[in-house]
Amino acid sequence: MIRFSLKKKLYGAQGDFLLELEFEIEENEFIVVLGPSGSGKTTLLRMLAGLEKPEEGYIEVKGEVWYDSKRGINLPLQKRDVGFVFQDYALFPNMSLFENIAFGMKKKDPQRVMELLKLAGLKQLKDKKPSVLSGGQKQRVALLRALAREPKLLLLDEPLSALDPETAIILREEIKKFQRSFNIPTIMVSHSRQDALSLAGRVLLLSEGKIKSVGKPKDVLYSS
Amino acid sequence: MAYPLELSFWTTIILLFLGIPLAYFLAYSRSRYTSLVEALVSLPSVLPPTVLGFYLLLALNKEGFIGSLWYRLFGKQLVFHFEGILIASVIYSLPMMVHPLTAGFRSVPKNLIEASYTLGKSKKVSVLTGVVLSFAHTLGEFGVVLMVGGNIEGETRVVSIAIYSAVEALDYTTAHVYSLVLLLFSVFSLTALYVLNRRWSLL
């Protein structure tokens, strides 16, 4: 179970506002966070990963406290066990696919890397550099790199928004497949209702840093 | 001059140690002094060499701020000695080292460093991962400037002074020979270094 309560002042285009989020995520749940640009979606992910610091609150992941402003706990981001997938892939251009995936592994396991590459249909390309890949393939590698760490929490920051619609459909299915087989609680920030409908267990709809509604995708999407 | 190679060697070594932290600071610090430091580092490249030389002479001579300190510590003058020329050479070449390095640091995409963090790597490893991408390139660029830019005291400068003297004496033949040699040498080394750079280029 993952619990967090976070407060942070954000500077939006239409003035400043207070991000104030309190939420709980069940084991292996897939949460899709929707909301207009500048509503604090990405900031939420970055705070969970430790890339940004909230002003107040706590983060607890599977019984482990990552952040607690009252007790002065702030686990450094390297020690937070997350897999983070960036919108623009952020693959290391000087490393091969194999090296990219192995880079973040806690215990280097070449066999496991090969298994993952095979699973994603990228085995033939293992020695290639990311620059020769298509957008969809790059994002697949980024996803594998995050999963290879076997993180306690998977954070996806608009992983499909840079891809063309056909590729996005295929990759969406793969994300679903991976998340199910790895059983990792996942939070995905998105702009697309389609992501919410086909991936989410629950949808979190944000507006100006607050939770506007939360629930099953259909309930949230068709009531608002 | 007796020590052109020695001078360029030590200048490069000192600039590497000085330039890397300085460039790192300029690229990543948000301190309000960053612009001032950047301006100071750039000064040698915009000031006429005579102005720079004049102030260096003032600072490094026996009565000068640095020179007097040096005299008290080591009992000898800086001006007209190797150490003095070395200091001048380092200061004069500083922007050529720091600028490409700063650009290199800045060109490392921030998200690569962040990705490295989220993969459990320490700050040092993360920044290094990024810097490796641009470092070879940057170093090559710097080499070009230092090798060909006419900044090596006693080496390229001697040639330029020789050309100057030849023209003064209306000895155009000598001036032509020296100039042509320098020109060809420059074209050759620039081409060689750009070819190497392209080969090193990782992206």
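Every number here is computed from the coordinates shown, using simple stated rules; none is lab data. These figures come from a predicted structure and were not determined experimentally. As a convention, Cβ positions derive from the backbone with ideal geometry for all residues, glycine included, and neighbour counts pool all protein chains shown.
Worth pointing out:
- Ordering A:L197, A:L160, A:P36 by Cα displacement along the dipole of chain A toward the positive end leaves A:L160 in first place; charges were set at the Cβ atoms of Lys, Arg (+1) and Asp, Glu (-1).
- Close amide-amide hydrogen proximity is noted between A:L153 and A:G83, each under 5 Å apart and 5 or more residues distant or on a separate chain (H modeled in the peptide plane; Pro and chain starts excluded).
- Semi-axis lengths, largest first, of the ellipsoid equivalent to the range A:89-148 are 16, 12, 10 Å, with √(5λ) applied to each eigenvalue of the Cα gyration tensor.
- Dimensions of the protein assembly as shown based on its C-alpha atoms, expressed as ranges along the principal axes with the largest first, amount to 92, 50, 41 Å.
- Local net charge near A:Q194, Cβ-Cβ under 15 Å (Lys/Arg +1, Asp/Glu -1): -2
- For the protein assembly as shown, size of Cβ-based charge dipole, Lys and Arg +1, Asp and Glu -1, in debye: 1280 debye
- Total charge dipole magnitude, chain A, about the Cα centre, Cβ charges on Lys, Arg, Asp, Glu only, Debye to nearest 20: 560 debye
- The mean sequence distance of close C-alpha pairs (under 8 Å, at least 6 residues apart), as a share of the length of the range A:89-148, puts its relative contact order at 53 percent.
- Reach of A:K118 by Cα under 25 Å, taken over lysines that are not fewer than 8 positions away in the same chain: A:K106, A:K107, A:K108, A:K126, A:K128, A:K129, A:K138, A:K152, A:K176, A:K177
- Per-residue Karplus couplings for the range A:163-177, computed as 6.51 cos²θ - 1.76 cosθ + 1.60 with θ equal to phi - 60°, are listed in order as 9, 5, x, 5, 4, 4, 4, 5, 5, 4, 4, 5, 4, 4, 4 Hz, Gly and Pro entered as x.
- Per-residue mean of foreign Cβ neighbours for A:76-85 is 4 (Cβ atoms of other chains, 10 Å radius).
- Positive-end residue of A:A49, A:L116, A:F84, charge dipole of the range A:46-122 with Cβ unit charges: A:L116
- Cα-centred dipole magnitude for the range A:89-148, charges only on beta-carbon of K, R (+1) and D, E (-1), debye, nearest 20: 60 debye
- Helix axis angle, A:135-147 relative to chain A longest principal axis, alpha carbon, degrees: 70 degrees
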